[in-house]
1. For a label point 7 angstrom out from the Cα of H270 toward its Cβ, which stretches of the stretch 299-336 have the backbone nitrogen within less than 20 Å?
2. Taking H placed 1.01 Å from N in the peptide plane, check which residues at least 5 places from S318 or on another chain put their amide H under 5 Å from its amide H.
3. For the stretch 86-139, which trypsin sites (Lys or Arg not before Pro) are in a loop by DSSP, counting at most 13 other Cβ atoms within 10 Å?
4. At a threshold of 8 angstrom on Cα-Cα distance, excluding pairs fewer than six apart, so keeping six or more, what relative contact order does the stretch 131-243 reach in percent?
5. Which residues does a label at Y261 reach in the stretch 289-330, if reach means a backbone N under 12 Å from a point 7 Å past the Cα toward the Cβ?
6. Quick one: what are the phi-derived ³J(HN,Hα) couplings along the stretch 150-159, Karplus 6.51/-1.76/1.60 with θ = phi - 60°, whole Hz, x for glycine and proline?
7. Ranked from highest to lowest mean number of other Cβ atoms within 10 Å per residue, what is the order of the peptides 249-262, 395-408?
8. Just report the Cα centroid separation between the stretch 88-111 and the stretch 269-336, whole Å.
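Read the figures in this text as sums done on the coordinates, not as results from a lab. Please read all numbers here as calculations on a predicted model, not as lab measurements. Glycine gets a Cβ as well: all are built from the backbone with ideal geometry, and neighbour counts include every protein chain shown.
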Amino acid sequence: MSYWKNYRLKTAALNVLAESSEDETEVVEAVVENDKSDLQDTDSSDIEELDSVDSISDEGLCNVVSSDSETESDSEENTSNLRESLASWASKHNQSKYCIDELLNILGPHFNDLPKDSRTLLRTPKTIDVIEKCGGKYINFTLKQGIMNILSHKSQNFPDNILMLNFNIDGIPLFKSTGTQFWPILCSLENYTPFIVSIYYGNAKPNSIEEYLEDFVTELNELQEVGLLFEDRTFTVKVNAFICDAPARAFLKNIKGHSGYDSCERCQIHGVYKDNRVVLNSSEMCAPRTDEEFKEIRYVGHQFGSTPLLNAGVACISSFSLDYMHMVCLGVVKRLVLFLKKGPSECKLSAHMISLISDGLLSYAGKLPSEFARQPRSLNEIERWKATEFRQFLLYTGPVVLKNILSKEMYTHF
Ligand SMILES: [Zn+2]
């Protein structure tokens, strides 16, 4: 199958050559010749593929016209055309560095002025503007640039000229032994690969939310007000959602942390302190929080003050989603299983029962279909379980292995 990878690479090369120049017959032949020799030791099914390859390659050659003589300046011009075509092809199809380097290796002997390295071809900048900001280092790649990169080859996928953006902002610790961390602002547009808007790097989280979000808010405001002009089309830019974990949401919205008395982001419940923790539990329905009241900073116990996101018109209640992974998988389900394993005494299971559950889980290890990201592990490793393993326990394996072990009351509760 590695042949097909090579084949795709070479076909792409042929297409670029056919587009960029009219004098590349020699190279094309060399590449096709190379194709054939690659395949001499392959089996008959591969040879059949080769035949179809040749016919495709020949088609690709239809446009190629040979010429006998060429001046040196022509040759230079052709190489420069080829270089530009290759660069635009590579960025259009999001080719990997490895792939471009290999293509340049193939073409290198035939074109003197072609660079040997993909970074030279794509003119990757050698220096990036890093500035000191909010107690660390900061780079702004800009929102506009990221959106333009997607529009440059996907603009036809937005027929109504509306761009709905999703954002994720989170702290990423770089090492276990030090506090150094990244705080990237990531943006995604529909289902395309997310891109980086800006990155902060420092020994702690950004010391000022105003400074950290300054560039982002200014740019977002501008895009929302005037839209984004791309090839005679003006796109309307809107914020769809901010998808962050609880600590990052508290930081961005400038509100109390998730263990506070008034920490609920959806309603105005006031918690009570019970068994070393704050419990948000009320028999009555509490008034919901609204975007308008949040904007006016009316939630005194909940909000510390204003946030720059309000200046960008972000709806700080409805645009902040509460995510399933943290709340259900790593929240409720993990807590529930840990209660079964470690107590309190009302619900703690005996060591024998825990080992029966683990045995039950392990009996399915290696037998679940490949659609599952992970196979079940024993409860001894619960501290290292990933969110997908808790989801699998909740929806699939749990109801089976807990049956006849838990009391009817606890099983129904699960
Ligand atoms: Zn609530």
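1. 299-305
2. When sequence neighbours closer than 5 places are left aside, the close amide H contacts are D291.
3. Listed in order of number, the matching sites are K116, R123, K126.
4. 34
5. Under cut-off, by backbone N: 301-302.
6. Those phi angles translate into 6, 5, 4, 10, 10, 4, 5, 7, 10, x Hz.
7. 249-262, 395-408
8. 50
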